[in-house]
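**Student:** Dropping a structure here in structure tokens format, bear with me for questions.
The values are calculated or read from the model by the stated rules, or taken from the named source; none is laboratory data. The model shown is predicted, which means the values in this text are computed figures rather than measured ones. Every residue, glycine among them, receives a Cβ derived from its backbone with ideal geometry; neighbour counts consider all protein chains shown. Ligands, DNA and RNA are excluded from the accessible area calculation, which covers all protein heavy atoms including side chains. Shrake-Rupley method; radii C 1.70, N 1.55, O 1.52, S 1.80 Å.
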Amino acid sequence: MDSLSQPLRRREELCLRETTRRHFFADCGVGLGSVALASLFSDGKILASPTADRRTNPLAPLAPHLPPKARNVIFLFMAGGPSQLELFDHKPKLNELDGQVIPASFVKNQRFAFIKQDAKLLGTRRHFHRWGQCGSEVSTLLPHIGSVIDDVALIRSMKTDVFNHGPAKLFTNTGSPRFGRPSMGAWVTYGIGSEVDSLPGFVV
């Protein structure tokens, strides 16, 4: 019985391998599109009603607590982007110590992921200039931002002990360095709902 069933299982495996995700969507794309369109129009409207019942639809849109001043918010979290030391955060002392071993006073009782006690410092390779009436220092990498710096809010008071990239990214987006906490987009969607029934209000 076993010897007979093995070739059958092998044939089934080969059939499954041939039906890749790409082939699946290529073959039934029209069908899926029809299903999606039918779903959009199933209740006679595409946009959800602001008065929808949250008991039947937990993501139904709610009116905000205060009249909004902005219609949209664009949040850019650029993991892997240039360091703030090359953009907005000028460190003259770092440039002064460029190429030198980290002073012991800087690393005493500090915990780092990959930095050794005898590591050499690397200063910025960019020049900084003061821009606008506020006099904020901005790198030459961002001359257009510098020209409108008086309209930009730079927050320089944030500090954390989260020293590694992965936990730090979680901390930035969720307020916690540990997995499992909801991010800002999830909280906003939970709080005010999603104006479109058929699409998620937030994607990560």
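**Student:** Using Stokes-Einstein with the Kirkwood hydrodynamic radius over Cα pairs, what translational diffusion coefficient do you get for the stretch 95-204 at 4 °C and a viscosity of 1.567 mPa s, in µm²/s rounded to a whole number?
**Tutor:** In µm²/s, the coefficient rounds to 71.
**Student:** Filter the chymotrypsin sites (Phe, Trp or Tyr not before Pro) in the stretch 90-132 down to the DSSP loop ones having no more than 13 other Cβ atoms within 10 Å, then list what survives.
**Tutor:** Filter output for the stretch 90-132: Phe112, Phe114.
**Student:** Report in % the part of the accessible area of the stretch 146-188 that belongs to carbon and sulfur, leaving out ligands and nucleic acids; probe 1.4 Å.
**Tutor:** Numbers: 2010 of 3430 Å².
The value for the stretch 146-188 is 59 percent carbon and sulfur by accessible area.
**Student:** Could you name the lysines in cross-link range of Lys91, using Cα to Cα under 26 Å and dropping any fewer than eight places away on the same chain?
**Tutor:** Candidates past the 8-residue exclusion: Lys108, Lys116, Lys120, Lys159, Lys169.
**Student:** Further question: Give me the 1.4 Å probe accessible area per residue for the stretch 139-204, excluding ligands and nucleic acids, in Å². Walk me through the numbers on the way to the answer.
**Tutor:** On the way: 5090 Å² over 66 residues.
Using a 1.4 Å probe on heavy atoms only, each residue of the stretch 139-204 averages 77 Å².
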